[in-house]
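The values are calculated or read from the model by the stated rules, or taken from the named source; none is laboratory data. It should be emphasised that the depicted structure is a prediction, and the values quoted were computed from it without experimental measurement. Counting neighbours? That spans all protein chains shown, and the Cβs are built from the backbone with ideal geometry, glycine included. SASA here: full protein model, heavy atoms, side chains in, ligands and nucleic acids out. Shrake-Rupley method; radii C 1.70, N 1.55, O 1.52, S 1.80 Å.
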Amino acid sequence: MPHLSLEYTQNLTGYDAPAALRTLGQAMFDSGLFGEADIKGRAQCLAGYLVGTSDTDTAFVHVQVSLLSGRTAEQKQALGARIAEALQTTLPAGHSGVQLTVDVRDMDRDCYAKVVLPG
Amino acid sequence: MPHLSLEYTQNLTGYDAPAALRTLGQAMFDSGLFGEADIKGRAQCLAGYLVGTSDTDTAFVHVQVSLLSGRTAEQKQALGARIAEALQTTLPAGHSGVQLTVDVRDMDRDCYAKVVLPG
Amino acid sequence: MPHLSLEYTQNLTGYDAPAALRTLGQAMFDSGLFGEADIKGRAQCLAGYLVGTSDTDTAFVHVQVSLLSGRTAEQKQALGARIAEALQTTLPAGHSGVQLTVDVRDMDRDCYAKVVLPG
C-alpha cells in the first residue's frame, strides 16, 4: 500500500514513463500519507485504445491510486488533486487535447494482506 | 470518465480487438449516459492466463467499466447487460465455451480528477 | 467470477508466472468459495515499475482478487490470508526484501454480467 497504476496511450509520442513514475511517486510521498518504501508504481503503454466510438487520435493518460480504506474524503480528494497536478507536468510538449484522469480508490483494509520477505 | 478495459486471452485466435473496442465504445455511447469524447477504452491480450487450476484451453474475455459514482443501480445494471450483449457480437466464429464477463464499478466522484490539456 | 490478477516486477528474475497462476488458482479453489471453472487468472510482468520515488531495485508482487459481493468480511479476510500464504511459495530463491500484497475487492453483484458461449 499504496499502489499507483499509470496508463498512457501509445500515440503520446515522447512520453517519458520512468520519469513520470518518479514524479508521481514524489507527489504520493509529498502527500505525507505514506511511507516512501510502501509506494508501488507501475506504468503501461496502451497499444490498443480508443476514445469514444472511433477516435484514435486523441491521447489520454490515466492514473489509478489504490490505498487502504480509512483516509478521510478530504485526504483522498486532496491526494487526487495533487496527483492530477503532478501528472500535468509529465506531459511532453507538442500535444494538445490530452485527457488526464485520476481515480482514487479504497482497498478494503480488513482483507488486504502484505508480507515482506526477509532481507 | 468513463473508462472501459477489455482483456482477452491469447488463445482466442482471430479476436479483432480494435473492432471490439469500437463496438463496445458504441454500446457505451448508446446507453445515453456519457458524452462520446469522455469514453476511454483500452484492450489487452492476456498471454499469461489460467482458468481454474490447470486449464489454458478455455478462453475468456473480461470487460471492466469504471464510471463516476452517482448512477442508479438500475442504470448500472442496464449498462452491464448492454455491454455483455455487445461483447457477444465481438467473438470470432469457431470458439465455444468462451466465458464473457462484465464488471461495472463506481469511481468515487469526490476524489476523481480530470484535466484536459488546451487544444 | 472470481478474477485474479497477478503483477510482478521484471527485476524478479526467475519468477515462474505460469506456475504461480496454478498455485494461486489452487488456493482460490481450496477456499471452497468458488467453482473451479469460474476462477479466471492472468499474470503480467511489469517492465515499468517504481518503489517510492527512485527505487527500481526492490521487487514486488501484487495480486488483486475480484469477487462478487455477498461474501462476509470473515470469508474475504480468510481468502486474502490464504492467497498471501500461497503467494509466498511462488517466490524463487535468492530474492530478499520482496513486497507481496493482496487486495480482495468486491464486484457489484447487481451489475455483473456473465455469458458462456455454447460449447
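Brief remarks follow.
- Filter pass, C:Cys111 being open to solvent by less than 60 Å² (accessible area, probe 1.4 Å) and either modelled with pLDDT under 95 or closer than 14 Å to A:Val116 by Cα (or both): yes
- Residue check for B:Thr56: among the polar types (S, T, N, Q) and surrounded by 18 or more Cβ atoms within 10 Å (Cβ to Cβ): no
- Condition check for C:Thr56: β-branched (Val, Ile, Thr) and without any contact (Cβ under 8 Å) to a residue 40 or more places away in the chain: no
- Among the residues examined, B:Glu36 qualifies as within 25 Å of A:Thr53 (Cβ to Cβ), of a type in the set (D, E, K, R) and within 8 Å of another protein chain (Cβ to nearest Cβ).
- Region A:1-53: number of residues that are among the aliphatic types (A, V, I, L, M), open to solvent by 20 Å² or more (accessible area, probe 1.4 Å) and without any contact (Cβ under 8 Å) to a residue 60 or more places away in the chain: 4
- Where B:Ser96 falls short, out of the listed (1) open to solvent by 30 Å² or more (accessible area, probe 1.4 Å); (2) within 18 Å of B:Glu7 (Cβ to Cβ); (3) within 7 Å of chain C (Cβ to nearest Cβ): (2)
- All positions within region C:65-93 that are small (Gly, Ala, Ser) and either more than 16 Å from C:Ala43 (Cα to Cα) or more than 7 Å from chain A (Cβ to nearest Cβ) (or both): C:Ser66, C:Ser69, C:Gly70, C:Ala73, C:Ala78, C:Gly80, C:Ala81, C:Ala86, C:Ala93
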